[in-house]
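Colleague: One structure is given below, represented as structure tokens, and several questions about it will come after.
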Amino acid sequence: MKIPKHIIILGGGTAGWMAANLMANQWIKLGFKITLVESTKIGTVGVGEGSTPYLKELFQTLNIPENVWMSACNATYKCGIRFPDWSTINQQSSYFHPFYSDIDSEQAQIFFQQCNEKRVGKSAFTNPDDYFVTSALANSQKAPKSPVDLDDNLTYGYHFDAELLGEFLKQHALKLGVIHINDSVINTITDRTGDIAILQTHQHGAIRGDFFIDCSGFKGVLIQQVLGESLISCKDHLYNDSAVAIPTLHDDLNVMPCETVSKALKYGWVWHIPLINRIGNGYVYSSDYINKEQAEQELRELLGDKAKGQPARHLHWQPGRIEQHWKNNCVAIGLSQGFLEPLEAPMLHIVQRSIEEFIEQFQNGGFTNSYRQKFNDKINNIIDGTRDYLQTHYKINTRKDTQYWIDNRHNPNTSSVLSELLDGWRSDGNFDQIIHKNMPNLAYLKTSWYCILAGKGYFSENETNQQSACNVVNSNREMKYQCQKKAESFPDHRQYLTTLFTSDSASLLKDNYKK
């Protein structure tokens with residue numbers, strides 16, 4: 001295949017415009033033409049509002065300051081995720097999944113040590129809340145921005161309005177030279193080799209391209225409908241296939257949380273995500289156990305008076321992925337390549353990784369079958385590794401209030417990788433060696449695995465009931481104190497955002513950016 005000079009992206013939204021930005025940033029200066037075709041009548045899903053820390057690298061690559069894009073997207077900082085009510089074990093009913101940074105290195109090593117002590121039956125404190133600075137920041141609603149030049153070493157994510165982010169990325173892509181066509185595709189023409197050649201549009205006629213990026217959402221217009229890729233279901237691993245979202249206002253405008261809350265309910269879990277102007281709430285559930293009306297009612301009961309008069313938005317999907325994300329002269333990005341579920345905010349991470357991996361292969365001149373296979377294998381490993389980590393949340397739950405939770409706990413459908421990790425954690429073997437052995441198939445690193453397994457109290461019964469020795473208690477208090485002490489120098493989240501968005505320097509940056 002010859003090197004393509006005209007790349008056509010079908011579909012906008014966050015995925016399409018993220019692809020447009022990253023590709024334009026690399027290739028327009030080399031004489032490439034990038035066109036994004038979308039029908040604004042179709043709209044986007046626009047519900048996901050959280051990120052992993054990986055999103056920070058996107059804006060660094062595009063050289064966009066935080067105050068510029070965050071203020072445009074009602075964004076806030078995210079120090080991690082809190083998981084209430086997934087476990088019924090004493091003192092383990094909730095835990096915080098932190099974002100690990102170098103500042104945590106000393107306490108983290110002690111946390112790993114305590115977990116391994118408890119795994120073999122010794123007394124230990126293993127709730128990750130006590131060992132990571134971002135947990136202390138979340139507890140006191142502080143921004144993960146240190147005044148002592150630690151910003152580059154502190155890991156954090158963001159909360160944002162997905163529709164506003166898509167619009168912001170669109171405007172930036174247009175500045176980079178991306179061509180935008182607002183039209184609907186009525187037909188697709190392939191050449192004699194099976195490659196896509198032309199998008200036939202309603203108003204603009206035939207649009208010819210060399211290479212195509214399918215960001216058309218769940219429909220997978222190019223990769224699935226034209227090129228014949230089928231969705232491989234993972235419903236036997238992840239039962240959730242639906243969600244209902246209802247926004248609410250803040251309870252107190254003077255307090256701005258900096259954490260996502262993922263709270264377990266009867267038939268799934270609910271997210272609470274703080275934006276500048278509202279709280280995003282959504283109930284993720286399995287339609288095999290509850291219908292959409294019941295789910296909306298349960299969510300409204302949880303939210304109380306705040307939800308009165310607020311519209312509900314319902315979503316449904318088939319959890320799974322395709323096998324060939326890059327097929328012929330087309331790469332699928334976003335929902336067209338599959339969707340798992342919103343837990344841990346993984347999908348935007350997969351979108352970004354997919355785009356960047358494709359760009360890397362492209363830069364290497366990778367248009368042979370071997371390059372495509374390498375790309376597909378890597379993306380499938382990321383998605384399958386993410387599936388395994390998400391399933392762990394359900395597999396190790398201890399709830400007994402509904403059949404949903406019981407069935408998830410006893411689900412026999414787990415990958416060999418996940419089975420080895422879970423069995424290894426409850427053995428007296430070296431868990432770090434097991435992680436290292438399976439690293440090529442993991443999407444989450446060591447700290448995340450220790451946090452989820454220890455945070456949910458996944459220890460044998462006799463271990464969780466042991467009384468802690470005095471020296472263990474004192475050591476735990478010291479670790480908690482150290483985290484709190486380090487967190488003291490960080491600013492209040494609400495105040496920091498106010499300063500970030502309204503300072504003279506912020507206004508100057510925005511003015512320069514608009515030019």
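The values are calculated or read from the model by the stated rules, or taken from the named source; none is laboratory data. What you see is a predicted model, and the numbers here were worked out from it, not measured in a lab. Glycine gets a Cβ as well: all are built from the backbone with ideal geometry, and neighbour counts include every protein chain shown. Ligands, DNA and RNA are stripped out before the accessible areas are found, and what is left, the full protein with its side chains, is counted by its heavy atoms. Shrake-Rupley method; radii C 1.70, N 1.55, O 1.52, S 1.80 Å.
Colleague: Taking Trp86 and the conditions (1) open to solvent by 10 Å² or more (accessible area, probe 1.4 Å); (2) touching a helix residue (DSSP H, G or I) at 6+ places or on another chain (Cβ under 7 Å); (3) in a loop (DSSP other than H, G, I, E, B); (4) not hydroxyl-bearing (Ser, Thr, Tyr), which numbered condition does it fall short on, given that it satisfies the others?
Modeller: Going through (1) open to solvent by 10 Å² or more (accessible area, probe 1.4 Å); (2) touching a helix residue (DSSP H, G or I) at 6+ places or on another chain (Cβ under 7 Å); (3) in a loop (DSSP other than H, G, I, E, B); (4) not hydroxyl-bearing (Ser, Thr, Tyr) one by one, Trp86 breaks only (1).
Colleague: Right, here's the next one. For His97, all conditions in the list (1) touching a residue at least 60 places away in the same chain (Cβ under 8 Å); (2) not in a strand (DSSP E or B); (3) not hydrophobic (A, V, I, L, M, F, W, C) hold save one; what is the number of the exception?
Modeller: So His97 meets the others, but not (2).
Colleague: Follow-up question, since we're still on this one. So, in region 433-458, how many residues would count as being open to solvent by 10 Å² or more (accessible area, probe 1.4 Å), over 28 Å from Ser354 (Cα atoms) and in contact (Cβ under 8 Å) with a residue 12 or more places away in the chain?
Modeller: Residues meeting the conditions: 1.
Colleague: For region 36-51, which residues satisfy the criterion of being modelled with pLDDT of 90 or more and either surrounded by fewer than 19 Cβ atoms within 10 Å (Cβ to Cβ) or more than 17 Å from Ala15 (Cα to Cα) (or both)?
Modeller: Ser39
Colleague: Here's a follow-up. Filter region 290-305 down to the residues that are touching a helix residue (DSSP H, G or I) at 6+ places or on another chain (Cβ under 9 Å) and open to solvent by 70 Å² or more (accessible area, probe 1.4 Å) and list them by number.
Modeller: Glu301
Colleague: Can you tell me which residue in region 224-239 is surrounded by the fewest Cβ atoms within 10 Å (Cβ to Cβ), limited to those that are hydrophobic (A, V, I, L, M, F, W, C) and under 25 Å from the mean Cα position of the chain (by Cα)?
Modeller: Restricting to residues being hydrophobic (A, V, I, L, M, F, W, C) and under 25 Å from the mean Cα position of the chain (by Cα), the top hit is Ile232.
Colleague: OK, next. Say whether the condition of being touching a residue at least 24 places away in the same chain (Cβ under 8 Å), in contact with a strand residue (DSSP E or B) (Cβ under 8 Å, 6 or more places away or on another chain) and either open to solvent by 20 Å² or more (accessible area, probe 1.4 Å) or farther than 18 Å from His493 by Cβ (or both) is met by at least one residue in region 102-112.
Modeller: yes
Colleague: With a cut-off of at least 2 residues that are of a type in the set (A, V, I, L, M) and open to solvent by less than 30 Å² (accessible area, probe 1.4 Å), name the strands (runs of 3 or more DSSP E) lying wholly within region 116-223. Don't jump to the end; show me each part of the working.
Modeller: Numbers: elements: 157-159, 179-182, 185-190, 196-201, 205-208, 211-214.
Here the list reads 196-201.
Colleague: Filter the strands (runs of 3 or more DSSP E) completely within region 260-319 down to those with at least 3 residues that are without any contact (Cβ under 8 Å) to a residue 40 or more places away in the chain and at positive phi.
Modeller: Where strands (runs of 3 or more DSSP E) fall fully within region 260-319, none carries at least 3 residues being without any contact (Cβ under 8 Å) to a residue 40 or more places away in the chain and at positive phi.
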